[in-house]
């Protein structure tokens, strides 16, 4: 498969490594700031991607919709790992459908995290029947992470609130009071070099059930993005990584 990498930061470099190791061809690497010899273009254009099967985009929110438009107009499928454009989702979906191309997106391409999402949806539905158990989320990330809680923790909280009737709202700040029964506490710790750890806790007076995902490095994110490129190649339509996971798990 012929892949273009748009955005050659930390993730772009890992994606290149992963794609090559899986036997794919990198036809272009695009980044306006990088001066590395493997970077072939400074700007995403139809000409720079016309000979490719898929563009993998990890850039910035400000250019995401424009990039998707260029990719769709060129008749090429897209893997979008850029976040922060979701307010324009209906516009992007229309672009892809009009062009007759394929697009798959996610805020987190880690296969392990997306398996965790599936597990927590199922577990939440089970634990909904056992009111003896309270539920909470805690996550750890490296000292350089700018946001809190993580986007992954936010998604986990959404799944649990949807599945567990006794939880109707999340609380992310440090509590200086007793938590209300319908509140789901999502807490965070920042420090060190931790790539990302998320623990979901179901606790009763008799015992505790914990489900934890620990990322060792960012290679899992790159592998997920390349596998998404393999999955979207030849397809038309607008998909999230959930669609890919469901197709594998059926």
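The values are calculated or read from the model by the stated rules, or taken from the named source; none is laboratory data. Keep in mind that what you see is a predicted model, and the values were worked out from it rather than measured. Every residue, glycine among them, receives a Cβ derived from its backbone with ideal geometry; neighbour counts consider all protein chains shown.
Kindly state which helices (runs of 4 or more DSSP H) lie completely within the range 9-95 and contain at least 3 residues that are closer than 20 Å to residue 109 by Cβ.
Values: elements: 10-21, 46-49, 61-73.
In the range 9-95, 10-21, 61-73 are the helices (runs of 4 or more DSSP H) which contain 3 or more residues that are closer than 20 Å to residue 109 by Cβ.
Pick out the one residue from 60, 39 that is in the same structural domain as residue 238 (by TED's automatic domain parsing), under 14 Å from residue 12 (Cα atoms) and surrounded by fewer than 17 Cβ atoms within 10 Å (Cβ to Cβ). If you could, list the steps in order and put the result at the bottom.
Numbers: 39 fails: surrounded by fewer than 17 Cβ atoms within 10 Å (Cβ to Cβ).
None of the others qualify; the one that does is 60.
Of the numbered conditions (1) more than 17 Å from residue 226 (Cβ to Cβ); (2) surrounded by 19 or more Cβ atoms within 10 Å (Cβ to Cβ), residue 73 satisfies every one except a single condition; which is it?
All conditions pass for residue 73, except number (2).
What's the total number of residues in the range 96-113 that are part of a loop (DSSP other than H, G, I, E, B) and within 17 Å of residue 15 (Cβ to Cβ)? I'd like the intermediate steps shown before the answer.
So the first thing to find is which residues in the range 96-113 are part of a loop (DSSP other than H, G, I, E, B), and the list is 100-101, 106-110.
Subsequent filtering for residues that are within 17 Å of residue 15 (Cβ to Cβ) retains 106-110.
Count: 5.
For the range 152-250, which fully contained strands (runs of 3 or more DSSP E) count at least 2 residues that are buried (at least 18 other Cβ atoms within 10 Å of the Cβ) and at pLDDT below 95? Steps first, answer last, please.
Working: elements: 169-171, 183-190, 197-203, 208-214, 237-240.
By residue number, no strands (runs of 3 or more DSSP E) qualify.
Please find, among 113, 135, the residue that is within 14 Å of residue 160 (Cβ to Cβ) and touching a strand residue (DSSP E or B) at 6+ places or on another chain (Cβ under 7 Å). Give the steps one after another, and end with the answer.
Working: 113 fails: within 14 Å of residue 160 (Cβ to Cβ).
None of the other options fit; the residue is 135.
For the range 91-116, name all the residues that are surrounded by fewer than 21 Cβ atoms within 10 Å (Cβ to Cβ), more than 13 Å from residue 245 (Cα to Cα) and touching a residue at least 60 places away in the same chain (Cβ under 8 Å).
Residues satisfying the conditions are 93, 97, 100.
Pairs under 8 Å by beta carbon, first residue closer than 16 Å to residue 35 by Cβ in the range 1-14, partner part of a helix (DSSP H, G or I), six or more apart or different chains?
5/12; 5/15; 5/16; 5/19; 8/16
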